[in-house]
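A quick write-up on the structure given underneath.
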Amino acid sequence: MMPSEAHLDELPLELRYLVQLAVDDNRPTVILDSTKSQLTYVFKNLAFQHALAQASSHALDDWLSAEMSSPCSAKATLAGGFANREWIKKEIGASYVVIYCKHEFVSPPGDSGEHGPLDSLVHDWIRFPDQVPTNAWIRYLLDYDWSSTAIGAVSGPHMYQWPAPLREIIISFMHCPRPRIIYWGPDLIQFYNESAAKLFGARHPASLGNTQADIWGQDLKDYTAELIRSSWEEGQSVYNKEKMILLDREGFLEESYFDWFLLPFTGSDGHWICSVNCFNEVTPHVARTNRDEVTYKLLEKTTRATDISSLWVEFLGILDEEADDIAYTLLYTVNETSTAPGRKEYKLYGSSGLRSHAPFENPSDDMIQVFEQAQGGETVISLTDTDFPPELGITMPDSGTVTSAFVFTIFDMKGLAQGSVVVGVNPRRRADENTKRFVYSLSEILLKAFIILQSPSDQRKILHADDSLSYRIQLEKLSRQLSIATLKNEKDQETFSRMAENAPIGMFLYKGDGTPLYLNDRFLELLGEKRDEYLEKAKTGYAWRDCIHPDDEEFSKDAWRAVAESHQVLNFEFRVKAGTESSPNRARWLEVVCFPQRDENDVLQTFQGYLTDVTSRKLTEALTTERMNAAIETKRKAQNFIDMISHEMRNPLSSIIQLTESVISISPETLPAESFDTVADAAHTINICALHMKVIIDEVLTFSKLDSNLLVLAPERTRPREVVEKALKMFEAELKDADIETGVEQLQSDCAVGDVLCDPSRLLQIIINLITNALKFTRKSDTRRITLAYGSYFAPPSAQDCDVQFIKPRKKSQDDCDTVSAMLAALDADDDADDVYLMFSVTDTGCGLTSEESQMLFQRFSQAPKTYKQYGGSGLGLFISRELVELQKGQIGLHSEAGVGSKFAFFIKAKRVVRVSRSGSVASAESTVSVKNIPHQLGGAFETVKPLEKIDTVPRPKTLVKDMHVLIVEDNEINLKVMSKQLRKLGCEIDTAENGLEALNYLSTTTYLSSTTKGTPLSMILLDIEMPVMDGLTCIRRIRSLEQSGEISGHIPVIAITANARNEQIATAIEAGMDSVVTKPFTIKDLVPQMEVLVDTWSGHG
């Protein structure tokens, strides 16, 4: 439904531009109202209505209702699929959700399109479960209750609602025969196939769809996230060989070993979205390798033994250090000197793997019975639970209690038993046939070495030769095992290659000279190349150069040169000629993550990396930049418009105020009494209206600065009481005219109010706004009194301290917070000063407000209720006051009763200053800024602050206005006429010029440029800024240049008279050379003191 013009105007501002863009957009788009309990459409474009014309309205409403009930944020997120399309949803403000189509799905089964032999095969068992054969695990996933999981809370309780990339990855890996674990999103939400379920043990199925931190703890989640991040930044896959994991296999906790690597996946914008942990169990390989190493070292060491004792030591030492299958070893020898009849006596010679062998010094009868059993039967016997001697059930510190052991006998050449060896099996390894064969090989090696050492020397040589042959046979066996391991490694590499071919990113590996070693299909697809043609071109040089877009050729050469010279991972983007599927004629943007590998001589051997399509992201960035620039231009035009209106209004207002001032000053004797009263009353009314218009203009400018974050604070030493008294003095005439009684009180506070560091100009502005409100409300009351109070506190005051209800501060954007922090840096810089909170209140006996009316105050463009419309106002004063208070880390509030009166109070944060210099510069009028008081360190983009006028401290000037000769440079005839007449009435000698060029010509006739006394005397210049022929800034720069060159003798005092009221404009004028700036509108009585002070200041400089 396309909204009418009236309907469009009724929409919130944040929706109007969106609707205007979406009307003609070819993407189906709908906007819904999220504040209503029932599904409420705000807008549907024609593309949405046409795309879903065939869809059931009931199904459409159910789908949209489900999307509205699921979480949504201001960031675009994937919504569930509907009508063979994928959708994006995004929250607009706090009341609306927009849902628009991302792209169409592949046609579902049964569509009428023509297909090849494989095109018709459907593998998406999530969206089409009835069309795809499924096994028990897939059916388990489809029926699983996802609503109580992390993924259910984020993306919806049904798998078809999940983001398309996640669904595609799950579909790809769930049928894999080896363990695969998917870590999705920054919270690492886990999914895994049936083979990986055993890795989770008792944590399955709770791990499905939940975050790693919830299941395994935050430490493991942080470790996994760091692996993913470092691999992504370094451009290398995380690969871990032979990682030990304790697995519960049918009730037996077994040491299991896995090789694993993390395979990253990216989204359409090129950013990481998930990683897949690919496992390959290598437990048999690890166990076999360890056994081979033990056997090899035992053969090597025992053949070098020179006597029986060294043989025992070598045997026990190797098993203690190397054998992972063995928990401990006990070696008993027969005591040949024993006189005990019948049974042999055994004594422990040594052990391995035990902290102490004292308990086993003398074997028990059960142990001796086992030894005798081993002598008469098998060479190696196993001890089961039924005949296992209790003393062998030793608890090992890191692995548990031993429950299995092997025993073999050491025989001499005569076949007599000379000892027995007990081998305790690692509690985390199975005592299976492989372990038994390993122990058998140990017994063979030990027995042969023992016999050799007992043989005469001639026989020993023969046996050594035989042992050498056995040694070579063993080496051949190890060699064969190494070959098998190599083949297995090649098989693993083949598995990795298959996975890389299915990866959604391009992967490449090149020699240092640019010869390709490995390129997956996606890499060639992104470059728009065929493999045979690309490899043929690679024989004659860097084949990719032909694929680069012409505009990026030089950049790509520099980038690849940097790869060849760099030692770090490089990341860069470029365009290729090949287009995308949706836009074949538009260049494709690619992102490369490339890392070089060098040898020990720092020579480049290879470089490898990833290639990702980032075209969508680049288009989005370009659109965002275009819209941002358009918004900036719109804001600039709005600011220029405000400046223009302000400038054009200030010129006539200045004349109006000065003329009414002239009329009011007419002597009563010059007119009849009745006429004089009428004229005076009219002039007074005109003056009030003009001043009111000035206030509105100033408020609009202040609001503009606040809205643009361009208003800053300029703290200086200030006495709060002086600020209060100055505010009252400014309203002295108006208060007297309205017969309003005033008073100043000091609040009961917890610290003395002395000199503080704050912004007096902004503090004064707030108090003026509150007094203005009080005046409007009190003028017509029977009892007319306004009371100002102030105080200071070491902690933020509470509402009870001043009997008002404070307004909760508005929530600031990040930019606002950064601006506030920067502006308060001056306050926080003085570590020696204490924080202090200044409290001010303005209480009146006016008409008061009801609670409903009070709630409307402090809002943007919010005025008093209709009853008080007679008092006028822009609706900005209290809103600006609130903003200024909150900028200074304070709060504002009120308490009001209808018919009784109102109390407005606020507090701001300041710094307490212990020592205060009382020697200050001479103050200027409120509308004047002196060059000495501009905080240049804040930069020209922010507003500078007018100095606070010190009450009753201005010394009487030596030069009076009646003694001055003034040049007024002004192009506005009315302003020129009025100002000249007013100053002449005060006794000034006046000359005029209509532009800067005429002013420069006039200077040639003055004493400043004439070497004789005949030149015209000149006291100062009042110089307008915006004029034809030559503007005021150009004129003042020329004057100061002539002064520096000596062509003008001395310094000519110049005051800028301008309608440009922004402080950056004022700062520009002063930097150009103005001594002071007075902004229009102004009164002559405000201007004259500045003229007298300025002439006095420079009269002593000659």
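FYI, it's all coordinate maths here, none of it is from the lab. This one's a predicted model, so the numbers in the text were calculated from it and none came from an experiment. Backbone-built Cβ (ideal geometry, glycine too); neighbour counts: all protein chains shown.
A few notes on this one:
- Net charge dipole, the stretch 959-1102: roughly 300 debye, given to the nearest 20, about the Cα centre with Cβ charges of +1 for Lys and Arg and -1 for Asp and Glu.
- The ellipsoid that matches the Cα gyration tensor of the stretch 506-613 has semi-axes, each √(5λ) in whole angstrom, of 23, 15, 12, with the longest given first.
- For the stretch 136-280, the spread of Cα positions along the three principal axes, ordered from largest to smallest, is 39, 39, 28 Å.
- Relative contact order [Cα under 8 Å, 6+ residues apart], the stretch 961-1099, whole percent: 22 percent
- For the stretch 961-1099, the convex hull spanned by the alpha carbon atoms encloses 100 Å³ per residue.
- log₁₀ of I(q)/I(0) at q = 0.11 Å⁻¹ - the stretch 5-104, Debye sum with one point per alpha carbon: -0.30
- Cross-link pairs Lys241/Lys511; Lys736/Lys903; Lys90/Lys577 - those with Cα-Cα distance over 30 Å: Lys90/Lys577
- Positive contributions from Lys and Arg (+1) and negative ones from Asp and Glu (-1), summed over other residues with Cβ under 14 Å from the Cβ of Arg984, come out at +1.
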